[in-house]
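Down below is the structure, laid out as structure tokens.
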Amino acid sequence: MSLTEAELPTGTVTFLFTDIEGSTTLLREACDRYPGLLVEHRRLLREAFARHGGVEVDRQGDAFFIAFPSAREALASAQEAQSALLDNPVRVRIGLHTGEAQVVEGSYVGMDVHRAARIAAAAHGGQVVLSQSTCDLVEAELTDLGPHRLKDLLAPEHLYQLGGDGFPPLRTLYQTNLPIPLTPFLGRAQELNEVTQLLTSQRHCVLTLTGPGGTGKTRLALQAAADAADYFPDGVYWVGLAAVRDPALVLPTIAHALGSQRDLRAEIGERRMLLLLDNLEQLLEVAPELSNLLGGCSQLNLLVTSREPLHLAGEREYAVGSLHEPDAVALFTERALAVCSDFVADREVEHICRRVDNLPLAVELAAAWVKVLSPSQILTRLDKRLPLLTGGARDVPERQRTLRSTIEWSYDLLSADEQQLFAQLSIFAGGCTLEAAEEVCGADLDTLYSLVDKSLLRFSNERFWMLETIREYAQERFEESSDKVGRERHARWYVRMAERAEPELHTGRQPQTMDQLDAEHMNLRRAVEWALEAGDYQVALTITGKLFRYWDARGYAAEGSLLVERALESSPADSTPARADALIAGSFLTHRLGTEELDLLRARAAEALRIYTGLNDQVGSARALTYLAINAPTVPEAKALLERALQSAQAAGDDYYVAMTKANLCECALRENDFTAAATLGEEAAAAATGLGDVEAIALNNRGLALVRLGDPRTGEVARSAVALAVKLGLPHLLSGAILILAGANAERMPQRAATLIGASDRMQESLESPAREPVEGRLYDDVRKALEVTLGHDAAEEAFQTGRALDPQDVVHYALESA
């Protein structure tokens with residue numbers, strides 16, 4: 001249900017929550033009737049709520065969340081609902097709590113909402129339970145149930161029951177010393193459910209929540225322990241160990257938490273109990289003693305929070321990561337409202353949460369700044385995360401009052417070798433492979449494993465990486481070390497990667513190589529930036545000169561062009577292969593982005609040709625002649641240059657540039673409107689380019705451009721192959737062109753489809769860094785669009801164009817392939 005804020009009661013509001021008790025048992029006992037019973041139950045409840053002015057805020061499964069402007073009406077509706085269900089086997093528990101409404105984006109937030117939900121969860125089927133605040137506003141026969149600690153861990157709440165019927169004790173906390181947080185538990189519904197299930201499964205006597213500082217391990221552990229309390233009839237106890245440094249004091253600290261001075265094994269014995277050992281990472285040497293304790297206490301379970309696991313037999317590790325973004329936004333909003341009652345969340349909040357890795361502690365520290373900064377100002381100041389993320393509540397441990405001190409807590413527990421490697425790994429932007437860590441940082445697998453184990457380093461998809469907030473701290477430690485050699489090793493590693501990747505970009509391995517470069521994109525950029533800062537121009541020239549086709553294919557043409565320009569401007573005008581490659585890269589990328597400085601592009605390609613010729617590099621000469629041709633002032637001059645390029649490529653035996661020059665000769669014929677010659681050249685180019693990556697897609701597109709002009713029935717098949725290949729290789733600019741050709745192929749037979757494809761191609765083209773179409777494509781686009789407007793009529797054609805523009809990219813491909 002979607003409500004506007006105007007529809008929700010405001011001011012003092014009574015919140016009512018319902019849920020079905022024993023739905024699994026009911027399903028088993030009334031299998032065939034179950035769906036009908038649920039439908040009837042919903043109808044009866046909704047009727048009761050509506051008669052008393054209740055507004056349905058939300059429904060999750062068969063649980064209702066209703067808001068009432070009047071506590072009396074809320075209680076009357078609850079009583080009526082329970083009476084209506086007397087003849088229905090569905091048993092519903094209802095909880096009510098009255099408080100001040102805080103409305104954010106069409107729903108309620110705040111402590112009072114959480115309190116009402118927990119009151120309902122504590123009740124039994126057929127029971128209506130009220131808080132003290134609701135009790136004070138109603139006149140009814142109520143039974144005083146006394147004070148109870150609800151499982152949201154907040155301070156004890158005095159609860160009352162409607163009527164005098166006897167029910168079992170409420171499902172609240174007992175035999176526990178779990179601390180009372182000052183804020184409600186938000187988000188992590190999936191994680192809480194998983195941890196609670198692990199605690200109650202009896203398959204693991206030790207469950208360790210691991211993760212870096214600031215991820216909220218303690219808060220999740222406390223809530224899971226509270227939720228699992230019913231499974232531990234002899235108590236759930238929290239043992240705070242953050243201030244303990246001597247492992248010998250762990251067992252005495254546990255005994256103190258239990259209020260015992262006896263031998264711990266004798267005290268616990270066969271009691272079915274849960275101990276929450278909080279912040280154990282600095283005390284891991286106690287693991288053997290804990291193992292002995294478990295061995296003598298068969299019903300004892302341990303829930304542990306630590307940066308790393310204990311490595312005990314029977315231990316299950318549960319890694320606690322960052323929040324899901326919606327939960328992070330909800331947390332930010334809740335904490336912001338606590339310090340600024342008129343705070344209004346906007347889209348910047350999402351960006352703030354993303355910038356701090358959705359870490360709970362970082363989100364809370366950022367939210368505290370809404371007292372003096374707008375979300376956009378906070379976002380601007382988060383360019384450097386750690387300085388802003390300070391403060392925090394004074395009643396939490398000092399190590400949790402700033403994100404820096406939280407990370408520093410973990411850093412101080414590392415050995416010297418671990419600290420050194422932790423700092424060195426910050427060189428990598430976006431993570432690294434094992435091989436890169438070994439080569440650049442001299443890492444050994446044991447130390448890497450230890451850093452992962454201690455939650456300062458992550459490992460996934462065969463890459464080691466850090467949360468950016470943690471990496472920023474590691475960078476500070478690295479800068480203090482003045483390890484300039486590390487940066488140089490990093491740059492040299494990525495030079496070698498670029499040199500290995502370039503020839504593979506001209507083969508059938510192009511997709512895999514592109515994927516590898518995607519993973520290393522930030523590292524490659526950082527290597528060029530460092531080289532430019534350090535004056536190591538050969539590194540900058542080599543990487544930019546080798547990877548310009550990758551940058552173009554992946555939509556990074558503007559970034560690549562900027563890096564190439566900086567490298568060329570900073571380096572001496574020598575005659576090295578690296579400079580020649582960079583000159584070609586600059587010529588190509590600037591052309592791709594669209595420029596009127598054709599003289600500059602030709603001059604760069606000419607300079608590159610002189611260097612390649614002097615080095616007797618025929619492949620390089622073919623490349624330079626190709627880019628001279630691309631920027632030639634006339635088609636005849638372009639064709640002459642391409643013929644020379646073809647000869648050089650053939651002499652060198654370079655299949656890629658043989659195919660590339662043939663594809664470009666096809667384009668020359670297209671520019672001269674010689675579509676018959678273009679079709680022949682396109683076919684030759686496509687045959688020569690088979691399995692050679694992007695040049696095959698270029699050749700297919702050019703052939704399709706010729707065939708569509710000739711009205712050739714093979715156009716659809718060729719264009720469909722071009723679409724499939726562009727998708728496979730990840731070439732969005734060629735995909736847009738291939739879809740345009742399909743539109744042309746369908747224009748007469750299926751004009752509606754053709755117009756939809758035109759719109760889809762339009763949208764794709766606009767998303768590119770260089771949205772202007774090449775001249776040959778541009779003319780086809782204009783001609784097909786005008787023809788469709790005549791065939792369909794302007795309004796119908798425009799509607800189909802807009803339909804195509806609205807298609808999801810994946811749907812576009814599916815639609816395109818089935819339309820040929």
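When the residues of the range 423-436 are narrowed to those that are small (Gly, Ala, Ser) and more than 13 Å from ARG458 (Cα to Cα), which ends up nearest to the chain's Cα centre (by Cα)? If we take residues in the range 423-436 being small (Gly, Ala, Ser) and more than 13 Å from ARG458 (Cα to Cα), then ALA429 is nearest to the chain's Cα centre (by Cα). Of the residues contained in the range 708-725, none is found to be farther than 20 Å from GLU504 by Cα, of a type in the set (Gly, Ala, Ser), at pLDDT 95 or above and surrounded by 24 or more Cβ atoms within 10 Å (Cβ to Cβ). The residue that is nearest to ASP136 (Cα to Cα), among those in the range 89-105 that are open to solvent by 10 Å² or more (accessible area, probe 1.4 Å) and among the aliphatic types (A, V, I, L, M), is ALA101. Count of the range 726-747 residues, restricted to those that are open to solvent by less than 20 Å² (accessible area, probe 1.4 Å), of a type outside the set (A, V, I, L, M) and closer than 22 Å to ARG592 by Cα, is 2.
In the range 483-512, of all residues being in a helix (DSSP H, G or I) and aliphatic (A, V, I, L, M), the one that is surrounded by the fewest Cβ atoms within 10 Å (Cβ to Cβ) corresponds to VAL485. Listed here are the strands (runs of 3 or more DSSP E) enclosed by the range 269-339 that have at least 3 residues being open to solvent by 10 Å² or more (accessible area, probe 1.4 Å): 315-319.
Going by the structure shown, is ALA527 over 30 Å from SER405 (Cβ atoms) and touching a strand residue (DSSP E or B) at 6+ places or on another chain (Cβ under 9 Å)? No, not satisfied. For the range 800-819, the tally of residues that are closer than 15 Å to SER767 by Cα and in contact (Cβ under 8 Å) with a residue 60 or more places away in the chain stands at 1. From the list ALA266, ALA248, ALA255, ALA243, the lone residue that is modelled with pLDDT under 90, assigned to a loop (DSSP other than H, G, I, E, B) and among the small types (Gly, Ala, Ser) is ALA243.
Table: residues versus (1) within 19 Å of LEU207 (Cβ to Cβ); (2) among the small types (Gly, Ala, Ser).
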site	(1), (2)
LEU258	no, no
ALA266	no, yes
LEU293	yes, no
LEU302	yes, no
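Scanning the range 459-482 for residues that are in a helix (DSSP H, G or I) and of a type in the set (Gly, Ala, Ser), we see that the one that is most open to solvent (accessible area, probe 1.4 Å) is SER481. Counted as qualifying within the range 1-88 are the helices (runs of 4 or more DSSP H) with 3 or more residues that are open to solvent by less than 80 Å² (accessible area, probe 1.4 Å) and modelled with pLDDT of 90 or more, namely 34-51, 71-84. Within the range 45-92, the residues that satisfy the criterion of being more than 40 Å from the chain's Cα centre (by Cα), closer than 20 Å to PRO9 by Cα and among the acidic types (Asp, Glu) are GLU47, GLU73. Here ARG203 meets the list (1) surrounded by fewer than 23 Cβ atoms within 10 Å (Cβ to Cβ); (2) in contact with a helix residue (DSSP H, G or I) (Cβ under 9 Å, 6 or more places away or on another chain); (3) more than 30 Å from VAL356 (Cα to Cα) almost entirely, failing just condition (2).
Yes/no per residue for (1) part of a helix (DSSP H, G or I); (2) without any contact (Cβ under 8 Å) to a residue 40 or more places away in the chain:
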residue	(1), (2)
ALA663	yes, yes
CYS668	yes, yes
ASN673	no, yes
ALA686	yes, yes
VAL695	yes, no
ILE698	yes, yes
ASP712	no, yes
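Annotation: of all residues in the range 429-453 being open to solvent by less than 30 Å² (accessible area, probe 1.4 Å) and under 22 Å from LEU280 (Cβ atoms), the one that is modelled with the highest pLDDT is THR447. With a requirement of 1 or more residues that are open to solvent by 30 Å² or more (accessible area, probe 1.4 Å), the helices (runs of 4 or more DSSP H) lying completely within the range 513-554 that satisfy it span 521-534, 537-546.
Scanning the range 152-162 for residues that are at pLDDT 90 or above and open to solvent by 20 Å² or more (accessible area, probe 1.4 Å), which turns out nearest to the chain's Cα centre (by Cα)? Only one residue fits best here, namely HIS158. Quick one: in the range 223-247, of everything that is open to solvent by 10 Å² or more (accessible area, probe 1.4 Å) and hydrophobic (A, V, I, L, M, F, W, C), which residue is nearest to GLY295 (Cα to Cα)? So, considering only residues that are open to solvent by 10 Å² or more (accessible area, probe 1.4 Å) and hydrophobic (A, V, I, L, M, F, W, C), the one nearest to GLY295 (Cα to Cα) is TRP238. Checked against the criterion of being closer than 30 Å to LEU365 by Cα and either of a type outside the set (S, T, N, Q) or in contact with a Cys (Cβ under 6 Å, 6 or more places away or on another chain) (or both), the range 286-305 contains one or more residues that satisfy it. The criterion of at least 1 residues that are in contact with a His (Cβ under 6 Å, 6 or more places away or on another chain) is met, among strands (runs of 3 or more DSSP E) falling completely within the range 100-216, by 128-131, 142-148, 157-162.
Might you check whether a residue that is of a type outside the set (Val, Ile, Thr), assigned to a helix (DSSP H, G or I), within 29 Å of HIS490 (Cβ to Cβ) and at pLDDT below 90 occurs anywhere in the range 357-373? Within the range 357-373, one or more residues are of a type outside the set (Val, Ile, Thr), assigned to a helix (DSSP H, G or I), within 29 Å of HIS490 (Cβ to Cβ) and at pLDDT below 90.
Against the numbered list (1) open to solvent by less than 20 Å² (accessible area, probe 1.4 Å); (2) farther than 22 Å from GLN647 by Cβ, CYS668 comes up short only at (2).
On the basis of being open to solvent by 40 Å² or more (accessible area, probe 1.4 Å), among the aliphatic types (A, V, I, L, M) and either in contact with a helix residue (DSSP H, G or I) (Cβ under 7 Å, 6 or more places away or on another chain) or more than 25 Å from TYR231 (Cα to Cα) (or both), does ALA140 make the cut? The answer is yes for ALA140. The condition (being under 21 Å from ARG709 (Cβ atoms), in a loop (DSSP other than H, G, I, E, B) and at pLDDT below 85) is satisfied by just one residue among ARG773, ARG749: ARG773.
Within the range 755-794, the set of residues being of a type in the set (A, V, I, L, M, F, W, C) and open to solvent by 70 Å² or more (accessible area, probe 1.4 Å) comprises ALA772, VAL790. Within the range 578-597, residues that are on the phi > 0 side of the Ramachandran plot have Cβ atoms under 6 Å from residues that are surrounded by fewer than 22 Cβ atoms within 10 Å (Cβ to Cβ) and outside any helix (DSSP H, G or I) in these pairs: GLY594/SER770; GLY594/ALA772, counting only partners at least 6 apart in sequence or on another chain. Out of curiosity, is ALA638 touching a Cys at 6+ places or on another chain (Cβ under 6 Å) and among the hydrophobic types (A, V, I, L, M, F, W, C)? Taking the combined requirement at face value, the residue satisfies it.
The values are calculated or read from the model by the stated rules, or taken from the named source; none is laboratory data. Every value quoted in this text rests on a predicted model; they were computed, and no experiment measured them. Because the Cβ atoms are built from the backbone with ideal geometry, glycine has one as well, and the counts that use them run over all protein chains shown. Just the protein is used for accessible areas: all its heavy atoms, side chains included, with ligands, DNA and RNA removed. Shrake-Rupley method; radii C 1.70, N 1.55, O 1.52, S 1.80 Å.
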